[in-house]
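**Q** Sending over a structure as structure tokens; questions will come in a sec.
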């Protein structure tokens, strides 16, 4: 996690939606909170958005200038860039219910 | 610095200060904000927090070579730029030259979902990046409280704010944190709990429909500071705090004298006019010629090659100039040449403090040698009597410290020549002249007298004050058994005097002529007598000569006869005695 990590799960099987979920996780260094957040996020995505998501992890300690674009104050912050509208979820994503609400995935279930 | 006697001097040396460059604020704080520490500035809406913050950064960047970061939680970069452009600050230029960095932090609560533990490292990283990218020494956070509205978990937020302020200190930047004022605490969210080095409160108050902003340093750890509430103004060129107590009575007094522009008035003032740098009060009832006197005074300064600044609170510049034409005074050339400037403003336009600041600014930019305030009493409308006095005191001190001669006119009401307020203000004045109306014989006449003139022998006489097409003249009023005569009565009296003098003169010449005539007559008489005498003398001489001739002839005849007769000489002589 020291450098920007990009994980891709390109879809191929799911016919429900061709749309790709673009998610960005902002962290500041390899802190327990950010590790927890990444773990939680992966778990949720695997469960709900299998093969339809892309997670970009941005370490602000390395790329501080990127904090301005998404107006990042809190760490960790998850930004749903696609599909629109942009949504922000702050915290270590331990509250799965809230994450689902925040990502607008509950309706999809 | 230690022996300067300034009360803020020695602590300033102990605690490093970061000068704000804002006029007046550095004076109150003894040199500026605590360097390398956060300062909290709180106040209600519209009291100038953002502008103060912006000026702190701009002056830091321009005057003290300290780049600054402006992190705004409310206004966008574009809004900030246009807002402070009104104060003449060019933020865009400073941003281009990397002297200033604007960063708009935007939080929308509806977009944010909270899911467990977090911290504000994002803000830290962002601020750190901003500071490092331009090597900032000053930071403004305006207003941090927006975070409370944007982030739901107050416990986390408070812990993070505490960490933020600690971090700012270790970063060594002088931080300016603005906050909304609250009801129970100084700030709405109790930020003063975290920022404890310096707390400044701004306030915007209405007093009789006139709003004035005030500034107060509530707390300044490790440094003495002015504790009073100081009025401050947002002018066209920034903020100006007006410390009342900063000026002392230590101005030097000049012995140079300057003309009043009216020769006879100079004569009344010991023949030379006012002292330079003195303050003059000119009171009078309506229409007694206060403005005219003031205009002559201003023009005299312009004639000497000095600059005169005329604050008019009742008339517009063109109206004054037009009116002065009627008494033969042309002010336009001086205005065009730049040696005379008018500044007209309605007294009710803004509060006293604003007036004072405007005047300070005008005086500082124009650098006049003479200032006229016409009329000072109008300012009473803008503030209470005590406020006006305080303001005039400060203005006079300010003017005296710059050796500027000031003329204040003051309107009194008919039948009430000396108002209480004037007596109060007059004690501040070095000279006091009174213009009065004297009514009698169906006319009103103006009379001027010098009530006091500190440090000079001045006339104790009332002079009649004449305003004509040729200007102002002072005429000796006729003081007779019936009292002081002015106007037509004085003219009549002097005509009578003149007639009498003429009669006396004629009488004298008549007597002289008579004397001449008498002398002529006598002289003629003397000449006649002398002629008579001469004639008589001549006659007498002739007779005497005839007698002598006859005697001689007789003697000769007798001698001849005697010779013929051979008679005795005695007998012959006796016989010839009768013929």
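**Q** crowded, with 16+ Cβ neighbours inside 10 Å, within 14 Å of another protein chain (Cβ to nearest Cβ), at pLDDT 85 or above and not in a strand (DSSP E or B): does that describe residue B:141? Steps first, answer last, please.
**A** Working: crowded, with 16+ Cβ neighbours inside 10 Å: yes; within 14 Å of another protein chain (Cβ to nearest Cβ): yes; at pLDDT 85 or above: yes; not in a strand (DSSP E or B): no.
Spelling it out, it is not the case that residue B:141 is crowded, with 16+ Cβ neighbours inside 10 Å, within 14 Å of another protein chain (Cβ to nearest Cβ), at pLDDT 85 or above and not in a strand (DSSP E or B).
**Q** Something else about it: Tell me whether the range A:80-91 contains one or more residues that are part of a helix (DSSP H, G or I) and within 10 Å of another protein chain (Cβ to nearest Cβ). Show your work before the answer.
**A** Let us first name the residues in the range A:80-91 that are part of a helix (DSSP H, G or I), namely none.
No.
**Q** A further question follows. Given the conditions (1) under 17 Å from residue B:316 (Cβ atoms); (2) surrounded by fewer than 18 Cβ atoms within 10 Å (Cβ to Cβ); (3) touching a residue at least 60 places away in the same chain (Cβ under 8 Å); (4) under 20 Å from the mean Cα position of the chain (by Cα), which single one is not true for residue B:326?
**A** Result: residue B:326 passes all but (4).
**Q** Moving to a separate point now. What residue, among those in the range A:54-70 that are facing chain B (nearest Cβ under 7 Å) and modelled with pLDDT of 85 or more, is surrounded by the most Cβ atoms within 10 Å (Cβ to Cβ)? Step through it out loud before you land on a result.
**A** Let us first name the residues in the range A:54-70 that are facing chain B (nearest Cβ under 7 Å), namely A:60-61, A:64-65, A:67-68.
Cutting the leftovers down to modelled with pLDDT of 85 or more gives us A:60-61.
On the way: A:60: 24, A:61: 16.
It comes out as A:60.
**Q** If residue B:133 satisfies every condition in (1) at pLDDT below 85; (2) in a helix (DSSP H, G or I); (3) within 14 Å of chain A (Cβ to nearest Cβ); (4) in contact with a strand residue (DSSP E or B) (Cβ under 9 Å, 6 or more places away or on another chain) but one, which is the exception?
**A** Residue B:133 satisfies every listed condition except (1).
**Q** I want to confirm something. Restricting to the range B:44-64 and keeping residues that are more than 36 Å from the chain's Cα centre (by Cα) and not in a helix (DSSP H, G or I), which single residue is surrounded by the most Cβ atoms within 10 Å (Cβ to Cβ)?
**A** Filtering the range B:44-64 down to residues more than 36 Å from the chain's Cα centre (by Cα) leaves B:44-45, B:61.
After this cut, where a residue has to be not in a helix (DSSP H, G or I) as well, the list is B:44-45.
Numbers: B:44: 15, B:45: 8.
Among residues in the range B:44-64 that are more than 36 Å from the chain's Cα centre (by Cα) and not in a helix (DSSP H, G or I), the one surrounded by the most Cβ atoms within 10 Å (Cβ to Cβ) is B:44.
**Q** For the range B:420-431, indicate whether the set of residues that are at pLDDT 85 or above, surrounded by 14 or more Cβ atoms within 10 Å (Cβ to Cβ) and under 27 Å from residue B:328 (Cα atoms) is non-empty.
**A** Among the residues of the range B:420-431, at least one is at pLDDT 85 or above, surrounded by 14 or more Cβ atoms within 10 Å (Cβ to Cβ) and under 27 Å from residue B:328 (Cα atoms), which makes the answer yes.
**Q** How many residues are more than 7 Å from every other protein chain (Cβ to nearest Cβ), within 54 Å of the chain's Cα centre (by Cα) and free of Cβ contacts under 8 Å to residues at least 40 places away in the same chain when one looks only at the range B:104-128?
**A** Qualifying residue count, the range B:104-128: 1.
**Q** Look at residue B:350 and say whether it is over 18 Å from the mean Cα position of the chain (by Cα) and either assigned by TED's automatic domain parsing to the domain that holds residue B:401 or surrounded by fewer than 22 Cβ atoms within 10 Å (Cβ to Cβ) (or both). Can you show your working first?
**A** Values: over 18 Å from the mean Cα position of the chain (by Cα): yes; either assigned by TED's automatic domain parsing to the domain that holds residue B:401 or surrounded by fewer than 22 Cβ atoms within 10 Å (Cβ to Cβ) (or both): yes.
Answer is yes for this residue.
**Q** Give me a count of the residues in the range B:98-130 that are part of a strand (DSSP E or B) and within 17 Å of residue B:143 (Cα to Cα). Write out each step before concluding.
**A** So the first thing to find is which residues in the range B:98-130 are part of a strand (DSSP E or B), and the list is B:100-104, B:112-114, B:119.
Remaining after also requiring within 17 Å of residue B:143 (Cα to Cα): B:101-104.
Total meeting the criteria: 4.
**Q** Which one is surrounded by the fewest Cβ atoms within 10 Å (Cβ to Cβ) among residues in the range B:65-92 that are in contact with a strand residue (DSSP E or B) (Cβ under 6 Å, 6 or more places away or on another chain) and not in a helix (DSSP H, G or I)?
**A** B:76
**Q** Taking the options B:200, B:262, name whichever one is within 30 Å of residue B:302 (Cβ to Cβ) and either loosely packed, with under 15 Cβ neighbours inside 10 Å or at pLDDT 85 or above (or both). Step through it out loud before you land on a result.
**A** On the way: B:200 fails: within 30 Å of residue B:302 (Cβ to Cβ).
Residue meeting the stated conditions: B:262.
**Q** Now for a different question. Scan (1) farther than 22 Å from residue B:95 by Cα; (2) within 14 Å of chain A (Cβ to nearest Cβ); (3) touching a strand residue (DSSP E or B) at 6+ places or on another chain (Cβ under 7 Å) for the single condition residue B:147 breaks and write down its number.
**A** Condition (3) is where residue B:147 drops out.
**Q** Just to be sure before I move on: is residue B:159 over 27 Å from residue B:32 (Cβ atoms) and either in contact (Cβ under 8 Å) with a residue 24 or more places away in the chain or assigned by TED's automatic domain parsing to the domain that holds residue B:46 (or both) in the structure I sent?
**A** On the way: over 27 Å from residue B:32 (Cβ atoms): yes; either in contact (Cβ under 8 Å) with a residue 24 or more places away in the chain or assigned by TED's automatic domain parsing to the domain that holds residue B:46 (or both): yes.
Yes, satisfied.
**Q** State which residue pairs qualify: first residue in the same structural domain as residue B:41 (by TED's automatic domain parsing) and inside the range B:220-240, second residue surrounded by fewer than 14 Cβ atoms within 10 Å (Cβ to Cβ) in any location, beta carbons under 6 Å apart, and separation of 6 or more residues or different chains.
**A** Final answer for the pair search is B:237/B:88.
**Q** A further question follows. Could you please find all residues in the range B:27-42 being assigned to a loop (DSSP other than H, G, I, E, B) and under 18 Å from residue B:242 (Cα atoms)? Walk me through it before giving the result.
**A** Applying the first criterion (assigned to a loop (DSSP other than H, G, I, E, B)) to the range B:27-42 yields B:29-32, B:35-37.
Residues satisfying the conditions are B:29, B:30, B:31, B:32.
**Q** Across the range B:350-392, what is the number of residues that are part of a helix (DSSP H, G or I), out of contact with any helix residue (DSSP H, G or I) (no Cβ under 8 Å at 6 or more places or on another chain) and at pLDDT below 80? It would help to see each step written out before you state the result.
**A** Going through the range B:350-392, the residues part of a helix (DSSP H, G or I) turn out to be B:352-366, B:376-381, B:385-392.
If we keep only those that are out of contact with any helix residue (DSSP H, G or I) (no Cβ under 8 Å at 6 or more places or on another chain) too, we end up with B:354, B:357-358, B:361-362, B:364-366, B:386.
Still in the running and at pLDDT below 80: B:354, B:357, B:386.
Total satisfying the criteria: 3.
**Q** Could I ask something else about it? More than 12 Å from chain A (Cβ to nearest Cβ), touching a helix residue (DSSP H, G or I) at 6+ places or on another chain (Cβ under 6 Å), surrounded by fewer than 23 Cβ atoms within 10 Å (Cβ to Cβ) and outside any strand (DSSP E or B): does that describe residue B:95?
**A** Numbers: more than 12 Å from chain A (Cβ to nearest Cβ): yes; touching a helix residue (DSSP H, G or I) at 6+ places or on another chain (Cβ under 6 Å): no; surrounded by fewer than 23 Cβ atoms within 10 Å (Cβ to Cβ): yes; outside any strand (DSSP E or B): yes.
Considered against the rule, which asks whether it is more than 12 Å from chain A (Cβ to nearest Cβ), touching a helix residue (DSSP H, G or I) at 6+ places or on another chain (Cβ under 6 Å), surrounded by fewer than 23 Cβ atoms within 10 Å (Cβ to Cβ) and outside any strand (DSSP E or B), residue B:95 comes out as no.
The values are calculated or read from the model by the stated rules, or taken from the named source; none is laboratory data. Because the structure is a prediction, the values reported are computed rather than measured. Here Cβ is always computed from backbone atoms with ideal geometry, including for glycine, and neighbour counts include all displayed protein chains.
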